Amino acid sequence: MRRLLAIVCLPLSVAALAACGATTTTAPFTGVRHEAAQAIANLQSDATAAEEKKICANDLAATIVRRLGGTSGCEAAIKRQLEGVDNLEVSIQSVDVAADGTTATAAVTSIHEGKSRSSTVSLVKEGGRWKISGL
């Protein structure tokens, strides 16, 4: 049961992290780091617009979507999560891309209920696009 909860909560936490009113800036990053940071900005934009279909199709890695029960399960889970999200602010502090260019991690800071918290977002390159694979 704990494993199932972890699998479900992981992408939902990412959605919550990204669902804020301000725009995530990717300006400090260039090249492949900018592309990876843009995936986080895209998630934030789609979450802010409550576009669960776009989140599942474009922003989350295929492994996460499968773990949530495929496209329809993912969309339902993200929709439920977005309904409970309050106003968060996210700032991308750094992006590190692995030497093979297929995975990356981003250090992000969010403010939730007046408290700053740091997290690491994992990304994977799928079909030529960076997608969120974990938090």
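Readers should treat all values here as calculations from the given coordinates under stated rules, not as data from a laboratory. These numbers come from a predicted model, not from an experiment. Quick reminder, even Gly has a Cβ in these numbers, built from the backbone with ideal geometry, and neighbours come from all protein chains shown.
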### Task
Subtract the Cα-Cα distance of A62 and S118 from 0.36 nm times their separation in residues, and report this length gain in nm to one decimal.
17.7 nm
### Query
What percent does the relative contact order of region 39-80 come to when contacts are Cα pairs within less than 8 Å and at least six residues apart?
37
#### Entry: Residue list for region 92-129, given a label point 7 angstrom along the Cα-to-Cβ vector of T25 and an amide N cut-off under 11 Å
92
### Task
Just subtract the alpha-carbon distance of V32 and K79 from 0.36 nm times their residue separation and send over the number in nm, one decimal.
13.9 nm
